[in-house]
Structures are given as C-alpha cells and as structure tokens.
Amino acid sequence: MSAEHAHVTEVSLEEARELFGPANMSRMRTFLASVLPDDGLKRMVYICPLGGRIGHVAIESHQIYNMYREACDELVFMTNTPGEVPVNLALMELVGRYYRVVYCPDYTLLRMGFFDMEPLDLGIATLIMRSPAGVQFEYYLHCLSGAELVYFELPEALTAKRDALCQTLGMPSGARVVTVHVRDSSYFSNVHYDSSRSTSLDGYLAMITMLLERGYWVTRIGDA
C-alpha cells in the first residue's frame with residue numbers, strides 16, 4: 001500500500017484504543033441517554049457515519065433491518081446531522097418508518113461506525129458494530145441462509161411528493177423511470193483515492209439512448 005493511501009484504510013492500534021476508550025464510551029452513553037427514552041425497551045443502534053451518501057443510507061438501513069429486526073424491540077439509526085453533510089431528508093423519512101432515527105453532531109462517535117467487532121452493550125442500548133463493508137458481507141451470508149427478506153415500502157406522503165415532482169418535470173402519470181447513479185470527478189475532487197469510482201456520462205449514453213427509445217424517462221443522481 002502506498003503512503004498516499006495508508007491514511008484512508010488503516011488506523012493505528014493506539015488510535016482505535018483512544019476512539020473506544022472510557023472517555024468516548026462515556027460520551028456515547030451520555031448522547032444516547034439524551035435521545036432515547038428510558039422505557040425498558042431493548043434497543044440496538046446502527047452507527048451510519050456516511051449519512052451524506054444516498055447509497056450507504058439506503059443499502060445499510062435495509063440490510064441491518066433485515067438482519068437485526070427480530071433481535072430487539074426497536075432499531076436505532078444513528079447518523080450525521082442534516083446541514084453538516086447533505087443528508088437526504090426524503091430518504092430519512094423512509095428510514096424513519098423502520099427505525100428510530102437520531103442525528104449525532106459528534107463525529108468522533110460516528111467514527112465508531114467504521115469498525116467491525118462484537119456488539120457493545122452500553123446498558124441503555126447495544127451498538128451494532130459493523131462497518132459499511134462489514135454490513136455487506138454479513139448480509140451476503142444472511143441471504144445465503146435463505147432468510148426471508150423484508151423490503152421497505154414508501155409511505156403515501158413520499159409518493160405524493162414524488163408524483164408532484166415528476167409532474168413538474170413533465171412526466172405523465174405512470175411514467176417508467178430509470179435512475180442512473182453516476183458520480184463525476186468534480187465530486188470530492190480533493191479525495192483523489194476515490195477517483196476510481198468516478199466516471200463520465202459518456203459511458204452510459206448507449207444505455208440511456210436505448211431506454212429513451214423504449215419510452216423510459218431517465219434521471220440522474222450523483223451522491224446526495
């Protein structure tokens with residue numbers, strides 16, 4: 001691994017010990033006590049440190065729900081505060097149908113969501129210690145087990161907002177829509193180690209043309 005990339009994928013043992021040290025664990029308990037009711041329910045908290053990324057929020061909330069919904073009385077989705085990162089509020093409204101959503105302004109606590117380890121019982125709640133990659137791997141095994149999967153359903157309030165937006169764009173009722181998720185190199189251009197995930201829309205033109213010719217509407221989103 002090059003020195004340029006080392007800071008991205010590696011954390012020293014000392015840094016990890018400090019992150020999960022007594023002071024920060026006390027801060028985590030204090031934060032959770034401030035946002036969770038003391039009602040005796042068994043709660044499990046998933047820490048999503050990438051709340052500004054649509055893909056992470058959508059995928060991880062769905063996968064964690066499928067794997068842990070029967071292990072507790074209530075799942076808690078802990079993520080970045082809107083305004084500090086570009087949190088998609090419509091998506092969070094959907095997540096809120098299946099979780100208690102709590103926004104955390106303390107990024108030190110959110111950083112704990114990048115680590116994989118056994119669940120941490122803090123008394124008031126248990127932390128599901130799975131990194132984004134760890135969630136994907138565990139969900140892969142969950143699917144191989146043949147477990148029944150639950151899919152999120154959009155509430156009427158959100159579908160009404162969607163329909164209103166589509167109408168302003170000139171889309172007829174019942175239009176078939178395909179959304180292309182393309183990140184271009186201008187997004188986080190300073191984060192050069194992530195450039196392999198960027199692309200040009202030119203690479204999608206043949207597919208987009210085919211969809212348009214078949215009567216589809218094509219929209220594009222980036223990362224927020």
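Read-outs: derived from the displayed coordinates by stated rules, not from any lab. Keep in mind it's a predicted model, so treat the numbers as computed, not measured. Using ideal geometry, Cβ is built from the backbone for each residue, glycine included, and neighbour counts are taken over all protein chains shown.
Only Lys, Arg, Asp and Glu carry charge here, each on its Cβ (+1 for the first two, -1 for the last two); on that basis the chain has a dipole of about 500 debye about its Cα centre. When the Gaussian network model of the chain links Cα atoms closer than 10 Å, the mean-square fluctuations of Ala206, Ala58, Ala33 top out at Ala206. Placing a pseudo-label 7 Å from each Cα along the Cα-to-Cβ vector at Leu41 and Tyr140 gives an inter-label distance of 3.3 nm. What residue among Leu75, Met92, Gly123 has its Cα farthest toward the positive end of the dipole of region 66-159, where the charges are +1 on Lys, Arg and -1 on Asp, Glu, each on the Cβ? Working it through, the farthest residue towards the positive pole turns out to be Met92. One chain, two ends: Leu169 and His181. Fully extended at 0.36 nm per residue, the span grows by 2.5 nm beyond their Cα-Cα distance. A cut-off of 5 Å between modelled amide H atoms, ignoring neighbours fewer than 5 places along the same chain, links Val102 with Phe77, Met78, Thr79.
Put a dot 7 Å past the Cα of Arg27, heading toward its Cβ, do the same for Arg69, and the two dots end up 3.4 nm apart. Between the helical axis of 54-68 and the longest alpha-carbon principal axis of the chain there is an angle of about 50 degrees. Kirkwood's formula applied to the C-alpha pairs of region 130-171 gives a hydrodynamic radius of 13.3 angstrom. For mean projected area of the Cα convex hull in nm², the listed values are [x] 12.3; [y] 15.7; [z] 13.5; which was obtained by calculation from the structure presented? For mean projected area of the Cα convex hull in nm², the calculated option is [y]. Helix 22-35 axis versus longest C-alpha principal axis of the chain: approximately 60°, rounded to the nearest ten. Over the chain, DSSP H runs of length four or greater, each weighted -39,500 (n - 2.57), average out per residue to a 222 nm ellipticity of -11500 deg cm²/dmol.
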